[in-house]
Amino acid sequence: MVRERPETSLESRAVAAHRAYVEALAALERAVHIANCPTCQPDGTTDREHALRCASAEAEKERRRVLFRDLCDKLGYVPVGHGIALPSAHCPSRSRAG
C-alpha cells in the first residue's frame, strides 16, 4: 500500500509560507507607495500614521521571511515552480505619466 503525502507536508508548508511572504512583500510595497504617492495617499493621514503602517508592514514581511527561511532550512531546499509572484501594482498617477 502506497501512502499519499499529506497536504500538510513540510514542502507544502514551505510553499504556503513562501506565498505568505510574497504577499507580505506586496503589502509592504503598497504601504510604502501610499506613503510616498500624493495621488494614492488618503486624505487626513499623517506622516506618523504612514510611518507606522510601513513599519508594521516591514515587521510582518520580516516575520514571514523568517518562517519561510526556517521551513526551507528544515526541508533542505527552496521549493520552486509553484507560480508564486508579486501582483502587478496599480497607481492612477502611473497611467497619466506616459
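Please identify the pairs in which a residue from segment 26-49 that is at positive phi and surrounded by 11 or more Cβ atoms within 10 Å (Cβ to Cβ) has its Cβ atom under 9 Å from the Cβ atom of a residue that is in a helix (DSSP H, G or I) and at pLDDT below 95, counting only partners at least 6 apart or on another chain.
none
Considering each of 78, 15 in turn, give the residue that is β-branched (Val, Ile, Thr), in a helix (DSSP H, G or I) and out of contact with any Gly (no Cβ under 6 Å at 6 or more places or on another chain).
It is 15.
Among the residues of segment 54-93, count how many are at pLDDT below 95, surrounded by 13 or more Cβ atoms within 10 Å (Cβ to Cβ) and under 19 Å from residue 31 (Cβ atoms).
Residues meeting the conditions: 1.
Would you pick out the residues in segment 58-76 that are more than 23 Å from residue 9 (Cα to Cα) and either among the aromatic types (Phe, Trp, Tyr) or touching a Lys or Arg at 6+ places or on another chain (Cβ under 8 Å) (or both)?
none
The values are calculated or read from the model by the stated rules, or taken from the named source; none is laboratory data. Since we're looking at a predicted model, the values are computed, not measured. Quick reminder, even Gly has a Cβ in these numbers, built from the backbone with ideal geometry, and neighbours come from all protein chains shown.
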